[in-house]
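Please read the structure below before turning to the comments.
The values are calculated or read from the model by the stated rules, or taken from the named source; none is laboratory data. Quick caveat, the model's predicted, so the values are computed rather than measured. Here the Cβ positions follow ideal geometry from the backbone for every residue, glycine too, while neighbour counts run over all protein chains shown. Areas reflect the complete protein model, heavy atoms only, side chains present, ligands, DNA and RNA absent. Shrake-Rupley method; radii C 1.70, N 1.55, O 1.52, S 1.80 Å.
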Number of protein chains: 2
Amino acid sequence: VKLDVCFTPNELSGVDLSKKTVVVIDVLRATSTIVCALAAGARSVFPVASIEEAVRLAQVLGREDALLAGERKSLRIEGFDLGNSPSEFTPERVEGKHLVMNTTNGTVALLAAAGAGHVLVGALVNLDAVARAVAELGKDAVALCAGREQRFAVEDAVCAGLLFQRVRALKKGARYGGDAAVTAQLLASHYATSVPLVLSKSAAGRQLARAGLGADLQTCADMDRLAIVPQFRDKQVTL
Amino acid sequence: VKLDVCFTPNELSGVDLSKKTVVVIDVLRATSTIVCALAAGARSVFPVASIEEAVRLAQVLGREDALLAGERKSLRIEGFDLGNSPSEFTPERVEGKHLVMNTTNGTVALLAAAGAGHVLVGALVNLDAVARAVAELGKDAVALCAGREQRFAVEDAVCAGLLFQRVRALKKGARYGGDAAVTAQLLASHYATSVPLVLSKSAAGRQLARAGLGADLQTCADMDRLAIVPQFRDKQVTL
């Protein structure tokens, strides 16, 4: 079993994903939020490529059943029901609902992974559960970091490294497939005891703090809090 | 002075380079080779985007004055005079010549940087000289790693980290501008005493060894051998 890492969705180009497990990671914040939303009882999350597509799909699904969620520059999109803070996605707001979601990085990465054998949604909050799922599937795996506007984001790389450290502990013979995987593993070892600090010092974390959303950093750094593995298929993410 | 790193040319998108110094880095092998070629007396190197463009430009320059250089899958392009091994670019072959060059990653990165205030050609072989030039220019700087087919390449990231460590030692108040710069610096510290090993274990290094070009690894790892700073402007790289 080969474990590979892409630091941005652009790095996927040319990689055949059809027989692979892809774990999409956007720690700050889309995949953390999706995991929290499904844990809070949301029925599904539809990642979409634009605001216009979100509005259209929400209408098709019916505005009683579907909520619009997403951000631009960290803040809720105007006219949308929810932003991209995990704490907004309470059972009171989302239970039984479809969520139609568009964000700057995370939903882009999910859509880029759509052709893969399995697409799992990973974050620090469900790290252990995802590692077990990857090991059980037993296929070559790619950790696809959402990054930040197609640039490297350290918190996603650290999460990918921690994930694959755990997969290797569970799956004998699993090996790192390339330079990015080896580097992610080095980052994970280096920052193993300071993950919350990585988030707060990262470019994405500093932007969130400036936007008054610093509380999200703690929620997103709360490792292994949720033992669920959302899967993306047929255009929606479900449990 | 802000020091930023892009791990692939794709990461440049949206960055305004017009007032910045960009150092293009493709340790294995294009920028190492360009530095060696100019040190061996080549008059200039023209990076171009395709084989067809290389042939056309060499005809315009005159086949007596211009040599074609470049690789596909590490090997010399059919019909070209030279491949992409630094050791091929001897004074006997290249002195006084224009070189027209097309490679898989390095020339792509050079062309992507063309709009910048200054574009310098960096590698391990001229690391110290480039660090001094960046510090003397005194502008915000971007280390643009060529990477490998638009993916992360560890040897370029280590070179970028080593470069900016030296710039910071020379330039008071220079600071790292983003997640990739901080990560490159961590890689540089971690691998400071094992740079040749990084090259030989990297994906690019292993491909070169498989292609019978393992000797290039030592040439490209030979730090600070050449105190020259090639600059790319008006479509050509010169001293």
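At least 2 residues being closer than 21 Å to B:Glu92 by Cβ and open to solvent by less than 20 Å² (accessible area, probe 1.4 Å) is the threshold, and among the strands (runs of 3 or more DSSP E) wholly inside the stretch B:1-57 those reaching it are B:44-47. Within the stretch B:168-181, if we keep just the residues that are surrounded by fewer than 18 Cβ atoms within 10 Å (Cβ to Cβ) and part of a helix (DSSP H, G or I), the residue that is farthest from the other protein chains (Cβ to nearest Cβ) turns out to be B:Leu170. From the list B:Arg93, B:Arg132, B:Arg151, the one residue that fits, being within 14 Å of chain A (Cβ to nearest Cβ), over 20 Å from B:Arg56 (Cβ atoms) and open to solvent by 30 Å² or more (accessible area, probe 1.4 Å), is B:Arg151. Any residue that is within 23 Å of A:Gly14 (Cβ to Cβ) and in contact with a Leu (Cβ under 8 Å, 6 or more places away or on another chain) - is there at least one of those in the stretch B:130-144? For the stretch B:130-144, residues within 23 Å of A:Gly14 (Cβ to Cβ) and in contact with a Leu (Cβ under 8 Å, 6 or more places away or on another chain): present. Kindly establish whether A:Asp216 is of a type in the set (Asp, Glu) and assigned to a loop (DSSP other than H, G, I, E, B). So A:Asp216 fails the test.
The set of residues in the stretch B:78-106 being acidic (Asp, Glu), part of a helix (DSSP H, G or I) and out of contact with any Leu (no Cβ under 7 Å at 6 or more places or on another chain) consists of B:Glu92 alone.
Among the residues here, B:Ala116 does not qualify as crowded, with 24+ Cβ neighbours inside 10 Å and either free of Cβ contacts under 8 Å to residues at least 60 places away in the same chain or part of a helix (DSSP H, G or I) (or both). Could you please let me know if A:Leu144 is within 22 Å of B:His190 (Cα to Cα), surrounded by 24 or more Cβ atoms within 10 Å (Cβ to Cβ) and under 18 Å from the mean Cα position of the chain (by Cα)? No. Checked against the criterion of being closer than 23 Å to A:Asp179 by Cβ, modelled with pLDDT of 95 or more and not polar (S, T, N, Q), the candidates A:Ala109, A:Ala129, A:Ala123, A:Ala133 yield just one match: A:Ala109. Does B:Leu162 satisfy the criteria of being more than 11 Å from chain A (Cβ to nearest Cβ), within 16 Å of B:Val45 (Cβ to Cβ) and outside any loop (DSSP other than H, G, I, E, B)? In short, no.
Residues in the stretch B:186-216 that are without any contact (Cβ under 8 Å) to a residue 40 or more places away in the chain and under 18 Å from the mean Cα position of the chain (by Cα) were compared, and the one that is least open to solvent (accessible area, probe 1.4 Å) is B:Ala188.
Given the condition within 11 Å of another protein chain (Cβ to nearest Cβ) and either of a type in the set (D, E, K, R) or farther than 25 Å from B:Thr21 by Cβ (or both), answer yes or no: does some residue in the stretch B:182-197 qualify? Checked against the condition, which is being within 11 Å of another protein chain (Cβ to nearest Cβ) and either of a type in the set (D, E, K, R) or farther than 25 Å from B:Thr21 by Cβ (or both), the stretch B:182-197 yields at least one hit. Out of A:Ala211, A:Ala204, one residue alone is facing chain B (nearest Cβ under 9 Å) and within 17 Å of A:Arg29 (Cβ to Cβ). It is A:Ala204. Scanning the stretch B:136-159 for residues that are farther than 17 Å from B:Lys19 by Cβ and assigned to a strand (DSSP E or B) yields B:Cys145, B:Arg148, B:Arg151. The criterion of being over 30 Å from B:Ser200 (Cα atoms), touching a strand residue (DSSP E or B) at 6+ places or on another chain (Cβ under 6 Å) and away from chain A (no Cβ under 14 Å) holds for B:Arg43. Of the numbered criteria (1) open to solvent by 20 Å² or more (accessible area, probe 1.4 Å); (2) out of contact with any strand residue (DSSP E or B) (no Cβ under 9 Å at 6 or more places or on another chain), the one A:Pro86 fails is (1).
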